[in-house]
Amino acid sequence: MANYRVIDKETWHRKDHFSFYRTFANPSFNLCVPIEAQHLYTCAKDRGVSFFQLALFGLLRAANAVPQLKQRALGEDIIEYDSIAVMTPIMTASEGFRQVLCEGAADFAAFSHSATPRIEAARSHEPSPLIVEGENFFCASCLPWLHFSAMTHAEYFVGASVPALTWGKLKNGIIPVAGRFNHAFVDGLHASRFYAEVERYFANPDALWLPLSS
């Protein structure tokens, strides 16, 4: 069961912003940021690991570094998960997709050890969505055929709290990373902090093999 803390709404500094944006027909906003990823790609090739998995783990670490990306509405409560996983679609043999939930890990080696059999199993199954309990995750998709400059994301329901990310084709050392964030929880500052973490890990991918310091 996912661990979380309940935020005291009465003393929460975002109380008024949360109430304001929750009245919007759609409180989400989208960003698409070009990220330098040549070092990440070279590192994956040199170490003989999956570039997809290495990027996915970098995004997972970056998302967990920003508290606002881990905050959700749960009934009448506002909660913040201790950590969140990542849900990602894997292409099947019939060119559909099957979603896989990848939990966090101490380092990339442990993450890949857990994620690889799930990814391989998904490829050999029929296309299917994945329905899970709770919202202690974010969604991240790879679109390796396109180097895009903008994107909007499907929403499970309008105003969903779960962030959605898509990264695209590596071109001239750059990949686009598009994100959808709920403005009731996330401002441009918090989204910028997330992208800064992505840039940091993609520029220094060897750090993904090191456990986080407490």
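The values are calculated or read from the model by the stated rules, or taken from the named source; none is laboratory data. Bear in mind the structure is a predicted one, so any value in this text is a computation, not a measurement. Note that each Cβ is placed from the backbone with ideal geometry, even for glycine, and that neighbours are counted across all protein chains shown. Calculation scope for accessible area: heavy atoms of the full protein, side chains included, ligands and nucleic acids excluded. Shrake-Rupley method; radii C 1.70, N 1.55, O 1.52, S 1.80 Å.
Treating each Cα of region 118-174 as one equal point scatterer and applying the Debye formula with no solvent, the log10 of I(q)/I(0) at q = 0.28 Å⁻¹ comes out as -1.20.
The Cα center of region 95-145 and the Cα center of region 4-29 differ in position by 29 Å. In the chain, the portion of solvent-accessible area held by carbon and sulfur atoms comes to 54 percent [1.4 Å probe, whole percent, DNA, RNA and ligands not counted]. Taking R0 as 30 Å, what's the FRET efficiency between Ser124 and Ala150 from their Cβ-Cβ distance, rounded to 0.05? Working from the Cβ atoms, E equals 0.30.
Could you sort 51-62, 69-80, 193-204 so that the peptide with the highest average Cβ count within 10 Å comes first and the rest follow in order?
Per-residue mean Cβ counts within 10 Å order the peptides as 51-62, 193-204, 69-80.
Calculated mean residue ellipticity at 222 nm for the chain: -9500 deg cm²/dmol, from DSSP H runs with n ≥ 4 weighted as -39500 (n - 2.57), summed, divided by the residue count and rounded to 500. Peptide packing for 136-145, 29-38 was compared via the average number of neighbouring C-beta atoms within 10 Å per residue; ordered from the highest value, the list is 136-145, 29-38. Charged neighbours of Phe97, selected by a Cβ distance under 15 Å, balance to 0 (K, R count +1; D, E count -1). Counted over the chain, the DSSP beta bridges are approximately 75% antiparallel. Neighbours of Ser28, meaning other residues whose beta-carbon lies under 13 angstrom from its beta-carbon, give a summed charge of 0 when Lys and Arg score +1 and Asp and Glu score -1. One quarter of the convex hull surface built on the alpha carbon atoms of region 47-127 amounts to 6.5 nm², the projected area averaged over directions. Net charge dipole, the chain: roughly 400 debye, given to the nearest 20, about the Cα centre with Cβ charges of +1 for Lys and Arg and -1 for Asp and Glu. Over the chain, the hull volume per residue, using the convex hull of the C-alpha atoms, is 129 Å³. Approximating the spin labels as points 7 Å out from Cα along Cα→Cβ, the Ser50-to-Tyr195 distance works out to 2.7 nm. Dipole size of region 48-135 about its Cα centre, with +1 on Lys/Arg Cβ and -1 on Asp/Glu Cβ: approximately 320 debye, rounded to the nearest 20. Computed with a 1.4 Å probe over protein heavy atoms only, the accessible surface of region 83-190 comes to 49 Å² per residue.
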